[in-house]
Every structure is written in structure tokens, then in C-alpha cells.
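Student: I am attaching a structure below and will ask some questions about it afterwards.
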Amino acid sequence: MDFMTFALAFNVTVIQADFAICTKDESQYYPEPIYANSQFYTFWNDHRFGTEYCLYGARISESGTVIDPDGKELFRNQFDTDPAAAFDGTNFLVVFRDSC
């Protein structure tokens, strides 16, 4: 499953339509986008290794350029899901559910 998205300006004008953030095999779930420091960040659960879910993240410029194609691995465990992200002006806090 590829992550596809589109970029909107603050006045809801489409800047760039249908571009991939992640095109790796297997499954990617639960994208969590957030805007900070003049760029977008997206965090998601990734199952590209087949036996473990991983937390991945990618940066996207305001113009829609994916800075980290296919994302960067942030955490790997047997099971993690449902990421949520917050930004306080300096730091990110990304949380997720580990197990049930």
C-alpha cells in the first residue's frame, strides 16, 4: 500500500496533487501528519519487514517535495500502532500504542 497525499495551501488551494510519501512493499497504516518549522511531518506504522511493525516518519516541504522518500525508521517492535504527534514550538512528541 502506497501512502499518497496532496498538499494544500492555507486557503485550501491544492498546491500539488497525488504524490507518494512511501512506496515500500507490504503495508503502511495510520498516517499522522503535523505541520511545524515550515514543513510537514508524517508519522505512520510500517510493516515492510513482515514480522514487526515499525514507526516511520518523513518530512515534506511546503511545496510538496518529500525530503525523506519512504521515511526513516524511528522505532521497531513486535507491535505498535496508532501514532499521534504534537509539537510545542521546539520539540516533537510522538506517541503510539504498544500491544493491546
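Every read-out reported here was derived from the displayed coordinates using simple, explicitly stated rules and does not represent laboratory data. Quick caveat, the model's predicted, so the values are computed rather than measured. Note that each Cβ is placed from the backbone with ideal geometry, even for glycine, and that neighbours are counted across all protein chains shown.
Student: Can you sort F43, F87, F96 from fewest to most other Cβ atoms within 10 Å of each residue's own Cβ? Walk me through the intermediate numbers first.
Tutor: Values: F43 24, F87 14, F96 21.
Listed from fewest to most nearby Cβ atoms, that is F87, F96, F43.
Student: At a 10 Å Cβ-Cβ cut-off, how would you order D70, D25, D46, fewest neighbours first? Working shown, then result.
Tutor: Details: D70 18, D25 10, D46 26.
Going from least to most buried by this count: D25, D70, D46.
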